[in-house]
1. What residue, among those in the stretch 1-25 that are outside any helix (DSSP H, G or I) and at pLDDT 90 or above, is nearest to SER59 (Cα to Cα)?
2. Consider ALA259 against the criteria (1) farther than 11 Å from GLY115 by Cβ; (2) in contact with a helix residue (DSSP H, G or I) (Cβ under 6 Å, 6 or more places away or on another chain); (3) among the hydrophobic types (A, V, I, L, M, F, W, C); (4) within 16 Å of the ligand (Cβ to nearest atom): it satisfies all of them except one. Which criterion is unmet?
3. Within the stretch 115-154, which residues are without any contact (Cβ under 8 Å) to a residue 40 or more places away in the chain, more than 15 Å from the ligand (Cβ to nearest atom) and more than 21 Å from ILE206 (Cα to Cα)?
4. Which members of the stretch 165-195 meet the condition of being over 30 Å from VAL343 (Cα atoms) and open to solvent by 50 Å² or more (accessible area, probe 1.4 Å)?
5. Search the stretch 202-227 for residues that are farther than 22 Å from GLU243 by Cα and open to solvent by 70 Å² or more (accessible area, probe 1.4 Å) and pair each with any residue that is more than 16 Å from the ligand (Cβ to nearest atom) and of a type in the set (D, E, K, R) when their beta-carbon atoms are under 6 Å apart and the residues are at least 6 apart or on different chains.
6. Being on the phi < 0 side of the Ramachandran plot and either within 13 Å of the chain's Cα centre (by Cα) or within 12 Å of the ligand (Cβ to nearest atom) (or both): is that true of THR241 here?
7. Taking the stretch 370-406, which residues are outside any loop (DSSP other than H, G, I, E, B) and basic (Lys, Arg)?
8. Select, from THR335, THR241, THR245, the only residue that is touching a Leu at 6+ places or on another chain (Cβ under 7 Å), over 29 Å from TYR96 (Cβ atoms) and free of Cβ contacts under 8 Å to residues at least 12 places away in the same chain.
Amino acid sequence: MSLNKIESRLRDHLLELHSNGTLKGAEHIVTGIEPAREGYGPRYRLEGMGSRLFLRMNSNGYLGMAFHRQVIEAESRAAAQYGCGPGAVRFISGTYQPHVELEKKLAKFHGRETGMIFSSAYATVTGVLPQFISRETLVISDALNHNCIINAILLAQPAEKAVYAHLSTDELKNLLKGNSGNYKRVVVVTDGVFSMRGDHAPLKQISALCSRYEDGYEEGIITMVDDSHGVGTLGETGGGTEEYTQARADIYIATLGKALGVNGGYVVSSKKVIDYLRETSPFYIYSNPVTPAEAAAAITALEILKSSAGKMLLATMRGRSAQLRQGLQNLGMETIQGDHPIVPVLIRDTQQTAELVRHLFENNVLATGLNYPVVPKGEEEIRLQVSAHHTEKDIDYLLDVLAGFS
Ligand SMILES: Cc1ncc(COP(=O)(O)O)c(C=O)c1O
């Protein structure tokens, strides 16, 4: 018994990633966070970087909820009351009052009968999607869907998987029309907001097409949306892609770990759907939930989002995102227009992307370069993510650094 033979294979694989320029490499280790001052937002200390302070442009914490005093206090109080971990999966003895309250509040926020939480959005998608896919199901998926959807489909082994070009409702229409009668059931699955681009699924058109072609399938067409980047960013109240497009999915999934600032994932839908999932979804039945303290923190984050303070956070985040998009346009840099705080800078070259990430880092800005296979070839980019904690001076500083790149 030895790892010698397999380790040489693993090393070859890592070397290949390195030579393709797609190795992620060593992770930066955050050792401290300096509070906002002198008109600038919080700054990050990193291990091995001495006294340097970094502006973080690669966090999903769009509203800064992770640092909100009330959210932190709610988490601390619940940890003192219930302990740090749940100690069991939900159906054994791991269901605590904050879990149940959070599920009710999430369902209400999204206008659904009920909801159910998981340890992450990744676990939610892989725990929910396969439960609706049989060997007689056609799954139809957007070409740029997140890795969790791709793996959930692999796990589910449907009769067929069809992929439509990113956002192409024409291709979706042809698939729904052309396969009529060939499968018992269809599941159409899409990200709400696409994490590499900040654009969103045309939910209204997708729903209309599904209603139009539903009669062609004995068990109908189900729509499922993973709106992990949509909640707390899009829509007047931060209700996500559904609120923004004024349309609905049959099964709606999102994360607690991005704009809501905590950790975990959830699904909201009809009572029958959730009753079925609680009894059948392995990622729920056999895996611990988020801690009671995380659930309590998420309840508070949701309450803040719905309050006037939440409206102000949304407005600040949107103002900064618009400032960055305008600034990039002034610099002649290519981006994708929209209202989302994910603001990509399209570089379209792996080497140049790496050089720009390096330039930003040298100037104390943390940003992430996305290369193939995370994004399609030719769409290599730097993904900048704006939060309500960024100030106008932060964005001006970032734009100055970008202007200095040649
Ligand atoms: C679209 C999408 N779904 C799911 C996830 C995973 O979220 P979580 O960290 O809650 O598992 C991500 C995270 O990057 C995402 O972008």
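1. LEU3
2. Unmet condition: (2).
3. Matches in the stretch 115-154: ARG135, LEU154.
4. Scanning the stretch 165-195 gives ASN174, LYS177, GLY178, SER180, GLY181, ASN182, LYS184.
5. Every condition considered, the pairs that remain are GLU218/LYS184; GLU219/LYS184; GLU219/ARG185.
6. Taking the combined requirement at face value, the residue satisfies it.
7. ARG383, LYS393, listed by residue number.
8. Within the list THR335, THR241, THR245, the selection yields THR335.
The values are calculated or read from the model by the stated rules, or taken from the named source; none is laboratory data. Only a predicted model underlies this, so the values are computations on that prediction, with no experimental measurement involved. Reconstructed Cβ throughout: ideal geometry from the backbone, glycine too, with neighbour counts over all protein chains shown. Note: areas computed on protein heavy atoms with side chains; ligands, DNA, RNA excluded. Shrake-Rupley method; radii C 1.70, N 1.55, O 1.52, S 1.80 Å.
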